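Contents: one structure, followed by commentary.
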Amino acid sequence: MARKFLFSSMAVVVTLAMVLAGCGGGGDGGDEIPYLNDGVFVYETIGDIYSFDPAWVYDTASGMQVGMVYEQLIYYDGSSTEDFQPLLATDTGTFNATDNTLRFTIREGVQFSNGNDLTPEDVEYTFERAMCQDRPGGPIWMFYQPLLGEDVWHYEHTTFAAITSAVEVDGDDVVFTLAGPYWETAFKQILCGQWACIVDKDYCIDNGDWDGTEGDVENFLHPENPGDIGHLYDNPMGTGPWTLNTWDQSNQIILDKNTNYWNGAVPFDNVITKVVDEWSSRKLSLLAGEADLVYVPASRFVEMEPEEPSLQVFQDLPSLSIDAFFMNFDIHNSTYVGSGALDGEGIPSDFFSDIDVRKAFCYAFDYDTYIADALNSQGVQRGSPVVEGLYGYWEDTPMYSYCLTEAVDHMQAAWGGEAWDKGFEFTLLYNAGNLPRKTACELVSEAWAKIGNDYAGDPERFQVNVQALAWPTILGKIFGTRDMPMFQIGWLPDYPHADNFLNPFMHSQGVFSHFQGYGNNVTDAALTAAFQETDYETQMGLYEDLQQQYYDDAPGIVLAQPIVRRYFTPYIDGFYYNPCESSYAGRLIDMSKSES
Amino acid sequence: MELRSYIIRRLLLVVPVLFGVTIFIFGITMLFSPIERASLYVTDARMMTNIPAIIEMYGLDQPFYVQYGNWMSEVLSGNLGWSTVAGMPVWDAIWHFLPTTLELAIFATPLIILLGIFFGTKAAARKDRPIDHGTRVAAILGWSLPTFFLGLVLLMIFYGALRGLLPPSRLSIPMELLVNSAEFTRYTHINTIDAILNLNGRVLLDALRHLILPVVTLTVVQMAFIMRLMRSSMLESLGRGYVLTARAKGLSERVVVNKHARRNALIPVITVSGYLFAAIVNGVVITETIFNFKGVGWWAWQSAVRLDIASVLGFALFNAVLFVLVNLVVDILYTRVDPRVRLGGTMQ
């Protein structure tokens, strides 16, 4: 008996010790973080990059690495998304309205890290190479459209001669011929992207890349996999402050200081980006001083609060992204619409084509609770897809508010009163594991249950069921089968311009609006007119009208613009935030690390 | 049966095993519609408008036997496809992740087996005494503890509370810079072995320091099973007549246990040990993720979650070959441990 008690006690004590240790947390807020790895910047994040080829990369992780090894002709000036500073060019471009050309003088005395001199021919080759590669789903439509016209999305929509004519060398200058004068601002923003980083022509050709001729295009056009394009995939050659030492796929990337760098001292001997999926490991690395910066998802901000005295925290940073519900105007052959009729057991396929239905759903959404619960209060409600920080943003955009009486009024008016009298039932889907989207769906469901109970006296009159599916399945339904009554998806900027956000949300062929069945020729013309307007005040007025129209039409429920943070150790100086900066760490060339 | 012909016969079994495994997995992927499988190739929303073109490009609407035939013809020409997760060909991905997993397996497996045999033997030899009870409690705790919980607790104690004493990842930052410099030559990408081959004690010690926590995590959980199995097997062996005879002849208890009883008790442990090694090489996903030791297990998990079909199939092929080889080695070991066992499955 005593022996049994002894060993049972041992088991209990050991288990308790484990539990208590596990609850101990990462450390006492205010503990000094040790200064480690002098001269090395260590960043821990999730997700590896796809490629080092500027013409391939379209994601921020790859963009961050490319932006440290390569450079563009111009770049954003500090925190601005509308002002620029020269980089490999000597100025921010001279526009000639008579022939719609944008001219850049290429800086002399700049070398690639292999010692090759930067020439205007390298710049010309960079853009022609990208347009002759045109990898599926890649970023190069952003070269085609400004240079060759809005009808050109792929290589097949144009000719080799047109491509080579659009980018020409003229002495020390490179001249871009734009499709219209209205492209000047947007094209400069595009030139700040990682896809516009300048490659070494001789290095590329010497290593088997496209040789610059039309006959060789077929060997490089539309590569399927990143590794198909050859050398630049994992052997970058740029003018940037760092060079690639090692890319250990899925593990880490080590960059070395470029000893040939033309633009002053490089602040870090090495930049190491480590792929660490486990949040606890990343947090402990930051607090142990092993990492100078780690990726902190918004859901962990509250957990980081006790540690903030030890860290350098940059808060209230508006990210250029937006998430929204899109109401499907024409639901195809769906199992998520119940009976498929407005009989209280389902909804018809055109249920959301009624404006009062859409407005009712907009008023029935609890935006404040969504921001508080789903985003941990790290978000700001917006009234249209154009978020703060974009060229064309209208700060007085009207927004829907959570108002159940308004929701009731609109639903009572919808479908001649039948929607209210008979009720409805359908299923909302979200991608499994995405808690903010799950929360949003549940808020919709709960609101209509409350309306049914409090206003109709029937808690089951308006039923919105919620279901999770895998992300690939969700994508297939949004863009393939189109059988979801409403879908949630978000948008990130290609370039910080209202047109880049309004098109996917409002154009009849927009990436999202097309698949929800919203959009028409009139709106398409309005979008084109706004984009092509060259007078600034007039253009801003046109964008205001479009944002007002989005509110009036209510084709979706615009959720919130996320607010983000950065957590550095105290030893890092010089960080400033630009929402268009693909580097999570900011412009490392402008930053430093020291113990004092 | 001669050893060589036995080995050849067993290796030929790989072919039907590979065939069966790949047909099974391929068949499961057919449960997804062509649109769903096409969406796996999408990395940007704009690509979604090209779904029909993607389906046609990859033949995703072709009959099962056509798609399987196309894939098999690529495999037979040496192309296992592209691993989206790893960003390299599937064949290269296997060899990219394998050294990390092998390093864990090389250190954890002997520890698990030897400690399991040792404590299992002790527990059986001293049945119902304190050491037997102690090992039982340890086994229950070890087997019951979720790996992720144990791993995180160890990390919080030895990396968090003790300020970086035993860190995650494979090497520290200074050693990472060293092994990726011209001063260090990579032979196997197993850090401990490469450190020895480079005669670099700093890298070796750093690598060993980083191995402690993941190896301990694996050992605590897996040793429990070996320990209990060895105990049961030893108890059975100690109850046999030849043990009684050995004791009657005046042999010391130590000789009776270690020389006579234990050898016979090892057969089931050998079986399990073989599969244990294969399971670790197969990949221990949770341990690899928590301690940032990205090996085959992590790759397989990510490939499954992200529906990287080419990687999943490549991993299945790798696994099938691994288990056939492990089974072969285990069967050969039987003949060494028990002279009554003959190759081909007969008993003398």
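Values in this text are rule-based calculations from the coordinates and carry no lab data. What you are looking at is a predicted structure, and each value in this text was computed from that prediction instead of being measured. Using ideal geometry, Cβ is built from the backbone for each residue, glycine included, and neighbour counts are taken over all protein chains shown.
For chain B, what relative contact order do you get, as a whole percent, if you take Cα pairs closer than 8 Å and at least 6 residues apart? Mind dumping the intermediate values first?
Working: 394 pairs, mean separation 94.2, N = 348.
Relative contact order here is 27 percent.
Using 1/(1 + (r/R0)^6) with R0 = 35 angstrom and r between the beta carbons of A:GLN85 and A:HIS231, what's the FRET efficiency to the nearest 0.05?
Details: r = 30 Å, r/R0 = 0.87.
According to the calculation, E is roughly 0.70.
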Fluctuation leader among B:TYR242, B:TYR159, B:TYR275 - chain B, Gaussian network, Cα springs under 10 angstrom: B:TYR242
Set of aspartates and glutamates with alpha-carbon distance to B:LYS294 below 14 Å, sequence-local pairs under 8 removed: A:ASP48, A:ASP248, A:ASP277, A:GLU278, B:GLU103
Separation of the A:ASP38 and A:ASP343 label points, Cα + 7 Å toward Cβ, nm: 8.0
For a label point 7 Å along the Cα-to-beta-carbon line of B:PHE148, residues of region B:279-304 with backbone N under 13 Å: B:285-291
Distance in nm between pseudo-label sites at A:GLN532 and A:SER299 (7 Å out along the Cβ direction from Cα): 4.6
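Please work out the FRET efficiency for the pair B:TRP95 and B:LEU11, using the Cβ-Cβ distance as r and a Förster radius of 22 Å; give the result to the nearest 0.05.
Working: r = 20 Å, r/R0 = 0.93.
After rounding, the FRET efficiency stands at 0.60.
Using only alpha carbon pairs under 8 Å that are at least six residues apart, calculate the relative contact order of chain A and give it in whole percent. List each step's numbers first, then the result.
Numbers: 1192 pairs, mean separation 111.6, N = 596.
Relative contact order, chain A: 19 percent.
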DSSP-assigned coil residues among GluC sites (Glu not before Pro) in region B:159-239, each with at most 11 further Cβ atoms within 10 Å: B:GLU183
Magnitude of the charge dipole, region A:322-562, Cβ model with Lys/Arg +1 and Asp/Glu -1, debye to 20: 800
Length gained when the stretch A:SER508-A:HIS154 is fully extended (0.36 nm per residue, less Cα-Cα span): 125.5 nm
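Contour minus end-to-end for A:LEU492 and A:ASP524, with contour as 0.36 nm per residue of separation and end-to-end as the Cα-Cα distance? If you can, show how the numbers build up before the last one.
Details: separation 32, 0.36 × 32 = 11.52 nm, distance 2.10 nm.
Here the answer is 9.4 nm.
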Low-density loop cleavage sites - trypsin sites (Lys or Arg not before Pro) in region B:204-278, where at most 14 other Cβ are within 10 Å (DSSP): B:ARG240, B:LYS249
Computed E for B:THR335/B:GLU183 - FRET, C-beta separation, R0 41 angstrom, nearest 0.05: 0.30
Distance in nm between pseudo-label sites at B:ILE267 and A:ASP316 (7 Å out along the Cβ direction from Cα): 7.6
MRE, 222 nm, helices only [DSSP H, n ≥ 4, -39500 (n - 2.57), over chain A, to nearest 500]: -9000 deg cm²/dmol
Under 27 Å from the Cα of A:LYS593 - lysines, other chains or at least 8 residues apart: A:LYS257, A:LYS274, A:LYS283
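Report, in debye and to the nearest 20, how large the dipole of region A:31-122 comes out about its Cα centre when Lys and Arg carry +1 and Asp and Glu carry -1 on their Cβ. Numbers along the way, then the final one.
Working: 2 positive and 17 negative charges, 63 e Å.
Around 300 debye, computed over region A:31-122.
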Acute angle (nearest 10 degrees) that the helix B:309-337 long axis makes with the longest principal axis of chain B, alpha-carbon atoms: 20
Cα-centre dipole for chain A with unit charges at Cβ (Lys and Arg positive, Asp and Glu negative), debye to 20: 2200
Number of Lys pairs (Cα under 21 Å; 8 or more positions apart or on different chains) in region A:322-562: 5
Residue of B:ASN327, B:ASN292, B:ASN258 that the Gaussian network model of chain B assigns the largest fluctuation, springs spanning Cα pairs under 10 Å: B:ASN258
Helical segments meeting 18 Å axial Cα length and Kyte-Doolittle 1.0 threshold in chain A (DSSP H): A:2-22
Options A:GLN549, A:PRO146, A:TYR402, ranked by Cα towards positive dipole end of the protein assembly as shown, top entry (Cβ charges): A:TYR402
Dipole axis of region A:275-386 (+1 Lys, Arg; -1 Asp, Glu on Cβ), positive-most option in A:PHE365, A:LEU284, A:PHE325: A:PHE325
On Cα atoms only, tilt of B:130-144 relative to the major axis of chain B in degrees: 10
Tilt relative to chain B, helix B:3-12 - C-alpha long axis, 0 to 90 degrees, to 10: 40
Reachable lysines from B:LYS127, criterion Cα separation under 24 angstrom, eight or more residues apart if same chain: A:LYS4, B:LYS249, B:LYS259
